[in-house]
Every structure is written in structure tokens, then in C-alpha cells.
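Before any comments, here is the structure.
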Amino acid sequence: MTVLGDGEQRRTIGRVYGSNNRIAVMANGRFPSPYRARGNTMFAWSVLVWTGCLLSYTGRGVLPGGLAGVIAPVFVCMAFVFLVVFPVVTGSWRILVAERRAIFLVLLAVSWAIALIVHAWENHGATAAEMWIRVAVKSGAGFLAASCVIVLGAQGMKGAGWSISVMACMAAWVVVLYSRVFWIETSEDVAIRTEASIASSVSLGLLFTIGFGVGAGLMNSRPALGGVLIVVTTAGNAICLQRFGIVLGPIIMLIFAGWKFGLLWLSLLIAVALASGQMIEGTPVLGPLIDYFLGLADGSGITIRGEMLELALGAFAENWEFGIGVGRWPPGQYPHSFVAQAFSDLGVFGGVTALVLALSVLYATLCCVLQGARWPVRDRVFVSAACCGWLFCLKAGDLQSADVLIPLAAGVWGVGRSTSAPRAAMPAAR
């Protein structure tokens, strides 16, 4: 038997490893493993993932016949196959198993699925069955997208900022294209939007609000682009009568853009509100928007939300294990809060899952506040968008928002780690 020396043994092992690596590359063909792909390839997949998460919220304003709701999860599944399934098939599964965030995401997905599966056989009636299917598809797409975001890492956050900006502008295009529907003169005209079935004002409001978050995160690095996004998304929320998205604006600016931009934006909103109340009251869009804000000022809006939350907590208390099931609330009377409805509809399993995701976004926001400018721009932009999306859906969302909220929450896990304290100076050589 021939005994190889250390150097020759290393060269032999290197040749064998190189040969196996070439075989793997030949097996992969023109599609290298996602863990070896770099730059534009990963960015393109990131854009595909986030487009799949956001496209359905444009409704029939972009694609007719509800195609957006069908194509969106298909995009997510395509990305999941390449970014997660493909590495497993080609032998990179150890990387996925060793990823703690991926394991934690799987545990959350299982917890969410337990309650959803329990109610699969309890949905009596067409409305409940249809809603269960929608929530199941949206939830599945959300967890698949979240796993893709974890794999993509920094490129996932970079692609998110770009995709959210484009989709927010597309939502603005929908509002302009169908101005005859969205440009209303009285509050009673809101019913016209529902009858038109183009795009839900709440769905468009979600796109505008997370787009505002991207703009706020860009103000310190690219103020021109950030300013345009802030103006466009605020105008979109005003037209869609999403007053909560407008109220969030100064808070988000204070957190992610700094107190100077925050106070400036607050002053501009106050000035526009005073001018609208004294000079332009009764005009299209502004008149109904003022009426909505007056409903908030006299406490009726807060009272209604409090009653909805009380009903949701009561439903959870009576059915705490698995909830009351999906699609059981009367039309328009659902809790209007993603976390509250997760507890009421899916019980402790779904509720705790939603709460953990929400707290992770809160934790990332606090970290961003403490570290401030030391964070990379892409991290600050992403956390700002995630914070806006979750805050919006704590007041106006339902369980169908899972395909956006879940990847936004999973994406903030580990942000800011690339920014660390300066390493101590190496001791001088003796």
C-alpha cells in the first residue's frame, strides 16, 4: 500500500473534490446553485419573490379577471423551487438545515398550519370555504416567500426596496387610470369602488404605506427619490381614504429619517390639513378625507375599532385552542387586525405565530432606532417598510395579508449584523 505524504495527500483530495465539483456543475447545467450565484442573479430572484408577494394587491387594475391573484403565488413557488428545493436536490441541503432562521420559520409555519388544517373540514358554506382557500394559499405563499428571503439575505432586502417602490407606483397608476372610480366627491361614493371590483382601497393602501416606509428609509441617503415616494404614497393613501396610513407618516419619518425630516413632514401635513379645512372643504377626495378624519377626532373611529377588538378577544376566549375558523365573521365586521384575527380565527397556534412575527418587527425597529445611521441603507429601508406594513395591518388588515407580512417579518431577522463595532487595534508585534 502506497502511503502519501501530507502535501501529496492534500493535492489528491483537492483533485477529487475538484472533480466532484465539476460533476455537480455539469449536473446543474446553466443553473448554478443559488448559494454560488451572486449579484444580478440573486437580485433578479429577489425581485420575482417580492413581485409575487405584492402583485395580487393591485387587483384587476393591472391584470384582468383576477389573474394577479393567480400569477402572484406562482411567482413565489418558482422562486422557492430554485432557491430552496434546488439546493436540496443538488446536495446543498446541509446549508438549509444549519440555518437557524429557516428552522425557526418551519416551526412557525407548522404552528400556523395546525389550526388552519383543523378547520379544513369545518368550513360549512361557500363563503367560509372560499375564504379558507384564500387564506391557505396566501399563508402558504407567505411562508415560501419568507424562506426565499432568508436564503437571499442582503439581496433579498435590496430587491424588496426596488420591488416595493415599483409596486407602489403601479398602485398610483391604478388610481390614476381608474380616477372615475377612486376620485369620489362624497363619503357615500365609497360604495362605487366596491361595486367596480377593480382593487380594494385597503390593498392599495397597504402598497402605499410600505412604499412610504421605503421613502422614509431613503431620505438620508437619496432624499430626492425618497421624497418622491413619500409624496406619491401619501397622495395615494389620501385618495384611497386610508387615514391611518397618513397618520403613520410623521411617526415613521421620525423613526427612520430623523427628527428634522419628521418635524418637516408633520408641519407640511398640518399646513395642508388647515388649508383643506378652511379653503377646499367639499372638493373631491379632500372633502371625504376630512370627514373621515373628523370621525377619528370625535372618537367614533377608535370606538368602533375597540368594539371589534373586544369581539375578537371574546371569540378567542371561547375557542382558544383552534379559534372559530376562517370566514365566520359577518361582512365588514372582522377584527380589522392581523394579529387579533389570528387569535380569534386560528386560536392560540395562529395567534402566537402572528404575535411572534409582529414582535420580531418591533425588535428590529428598536434596533434600528438605537443604531441609527450605523445601519446599512438597505437594512434601514427594509425595516422601515416592514414596520409600516405591520402597523397598517394591525389596524386594517386581515389574514389574507399573510403573503406580505410573513416575508417582511422573516426578512428582518438578522438585519444590521453586517454593521458591527470597529475591531480593536491588533497588538503590536513584539
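The values are calculated or read from the model by the stated rules, or taken from the named source; none is laboratory data. Keep in mind the model is a prediction, meaning the values are calculated, not measured. Every residue, glycine among them, receives a Cβ derived from its backbone with ideal geometry; neighbour counts consider all protein chains shown. All accessible areas refer to the heavy atoms of the entire protein, side chains included, with ligands and DNA or RNA removed. Shrake-Rupley method; radii C 1.70, N 1.55, O 1.52, S 1.80 Å.
Annotations for the structure displayed:
- Cα gyration tensor shape of the range 128-280, rounded if a/c is under 1.5, else prolate or oblate by comparing a/b with b/c: oblate
- Going by accessible surface with a 1.4 Å probe and the largest first, THR194, THR233 read THR194, THR233.
- Here the range 300-336 and the range 140-154 have alpha carbon centers that stand 30 Å from each other.
- On full extension, the segment bounded by VAL166 and VAL231 gains 22.0 nm, given 0.36 nm per residue less the C-alpha separation.
- Loop-located GluC sites (Glu not before Pro) in the range 130-231 (DSSP state other than H, G, I, E, B) with a sparse environment of at most 14 neighbouring Cβ atoms within 10 Å: GLU185.
- Sequence ranges 167-179, 207-219, ranked by mean other-Cβ count within 10 angstrom, highest first: 207-219, 167-179
- For the set VAL415, VAL247, solvent exposure ranked by accessible area (probe 1.4 Å, protein chains only) runs largest to smallest as VAL247, VAL415.
- Accessible area of the range 208-251 divided out per residue, in Å², using a probe of 1.4 angstrom: 30 Å²
- Ordering 309-316, 55-62 by mean Cβ neighbour count within 10 Å, with the highest value first, yields 55-62, 309-316.
- Solvent-accessible surface of protein heavy atoms, probed at 1.4 angstrom with all chains present, puts SER197, SER401 in the order SER197, SER401, largest first.
- Extension gain, SER179-LEU313: 0.36 nm per intervening residue step, less the Cα-Cα distance, totals 44.4 nm.
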